[in-house]
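Accompanying notes for the structure given below.
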Amino acid sequence: MKIEVTENVSAVSFNNIPLNKTIMEDTLKIVADAEINVDMISMTAPTSEIFSFGFTMNDEDTPKLLGVMPKLREKESVVPMINSSNRKIVIKTNEMTETIGFAARVFEILNRLDAMILLITTGVDEISVLIRDADADAVVAAFEKEFG
């Protein structure tokens with residue numbers, strides 16, 4: 001089991017996007033052209049031809065993102081919500097593939113601690129959660145106690 005913590009992470013969210021557009025692709029291209037490194041990417045399942053998506057980036061890249069806002073508005077008429085000063089916690093373990101209910105245990109801890117989850121992504125052997133900075137120390141301690 002490995003727990004990794006990254007500080008100073010911003011969540012960038014785009015809501016109520018028409019499904020038939022290339023807004024996510026165009027947005028990620030504009031962000032890449034601004035030399036902003038995108039980390040976690042998440043997309044909701046579409047409902048009524050509408051979806052939402054988001055990504056994380058380092059807080060230090062916020063001025064770059066603000067610099068491309070006019071281009072995002074002009075090209076796709078989208079304006080993101082930006083939530084800064086968060087922490088990304090990654091739990092990496094083979095238990096993800098070998099233990100039924102591992103994810104349920106992770107989210108039970110987050111719920112018990114009333115941690116505000118801003119973004120979730122998963123991989124074959126990991127769960128990444130972006131949570132507000134104020135919740136992070138308690139969450140890491142609880143994960144280490146439970147899974148350590």
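The values are calculated or read from the model by the stated rules, or taken from the named source; none is laboratory data. Predicted model, so just to flag it, every value in this text is computed and none were measured. Note that each Cβ is placed from the backbone with ideal geometry, even for glycine, and that neighbours are counted across all protein chains shown. Side chains are part of the model used for accessible areas, which takes the heavy atoms of the whole protein and leaves out ligands, DNA and RNA. Shrake-Rupley method; radii C 1.70, N 1.55, O 1.52, S 1.80 Å.
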task = Just tell me which lysines come within less than 26 Å, Cα to Cα, of residue 92; anything on the same chain fewer than 8 places away is out.
result = 2, 145
key: Share of carbon and sulfur in the accessible heavy-atom surface of the chain [1.4 Å probe, %]   = 49 percent
Candidate aspartates and glutamates for bridging to residue 88, where Cα separation is under 13 Å - those fewer than 8 sequence places away on the same chain excluded = 4, 7, 39, 59, 126, 133, 135, 137
remark   = In whole percent, the Cα-Cα distances of the chain spread across 5 Å bins from 0 upward as 2, 9, 19, 19, 18, 14, 11, 7, 2, 0
task = Determine the sum of side-chain charges near residue 89: Lys and Arg each +1, Asp and Glu each -1, restricted to other residues whose C-beta is under 12 angstrom from that of residue 89.
result = -2
request  = Give the accessible surface of the range 14-148 per residue, rounded to a whole number of Å², with probe radius 1.4 Å and ligands, DNA and RNA excluded.
outcome  = 56 Å²
task = Tell me what the chain gives for mean residue ellipticity at 222 nm when only DSSP H runs of n ≥ 4 count, each as -39,500 (n - 2.57), the sum divided by the residue total, rounded to 500 deg cm²/dmol.
result = -11500 deg cm²/dmol
